Structure formats: structure tokens, C-alpha cells
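Nothing in this text is a laboratory measurement; each read-out follows from the coordinates by a stated rule. None of the values given here were measured: they were computed from a predicted structure. Cβ atoms come from the backbone with ideal geometry, glycine included; neighbour counts cover every protein chain shown.
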Amino acid sequence: MENENNEQQGLQIDLRPEVAKGVYANLALITHSSSDFVLDFATMLPGMPKPEVGARVVMAPEHAKRLLQALQENVHNYEQQFGKIVIPEQQPRMAAPFKMPETES
């Protein structure tokens, strides 16, 4: 991501062990207001009654745009090194690896 820039600027971060292990997410829900973007990272697995949010990140719109640019750059770099990422049957406006159960209205 911006690791090279961070090293050049001498940015040092603390990474607690409980945060370093990470949180698995295969679903991201994104909402926004005029002042914030809210990213909820959730896990949805077969047999689970509903997705469970494991982490929430709230950021300013400017930081959301920087994140978008960093992700685009990193996906490009990844594909250069490992090959194109193929997304089978991409659902509109939702990235989920499992089919959502249909609910009755």
C-alpha cells in the first residue's frame, strides 16, 4: 500500500498482537453521510443465520478516496505479480461469496 511512503517519512505504528492477527471478512457493507464513510467488514458462512460484523472502520471522505486509490494500486500490483483476479457471477452492489437466502416479503 503506502508502505514505501511510510518508510520514507519515518512513520512508525504500534500493532498490538490482538489486532495483528486480523479479522476474516468476506463481506463488506459501506454506508456514508456527508462527513463520514462507514465500512463494516463481516463474515458470512454457510450455516450461519446472518453475517456477523467483525470490524467497523469509520473515515472521512478524503481518507475513503485515498483508500480507494491505494486498493486500486495494490490490486494492479497483485495482478501483475500473480495474474488477473477473476470474480465469478458478481452480484450487483454486493460482494458475497455465498448466495444470500431469499426472504419472504
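What are the ³J(HN,Hα) couplings of region 62-70, residue after residue, when phi is run through the Karplus curve with 6.51, -1.76, 1.60 and θ = phi - 60°? Round to Hz, x for glycine and proline.
Taking θ as phi minus 60°, the curve returns 4, 6, 4, 5, 5, 4, 4, 5, 5 Hz for region 62-70.
How big is the shadow of the Cα convex hull of region 22-77, averaged over all directions, in nm²?
Mean projected area for region 22-77: 4.8 nm², to one decimal.
Could you tell me the calculated FRET efficiency between Gln72 and Leu29, based on Cβ-Cβ distance and R0 = 22 angstrom, to the nearest 0.05?
Efficiency, rounded to the nearest 0.05: 0.65.
As an exercise, identify the chymotrypsin sites (Phe, Trp or Tyr not before Pro) in region 10-80 lying in DSSP coil whose Cβ has no more than 11 other Cβ atoms within 10 Å.
Tyr24
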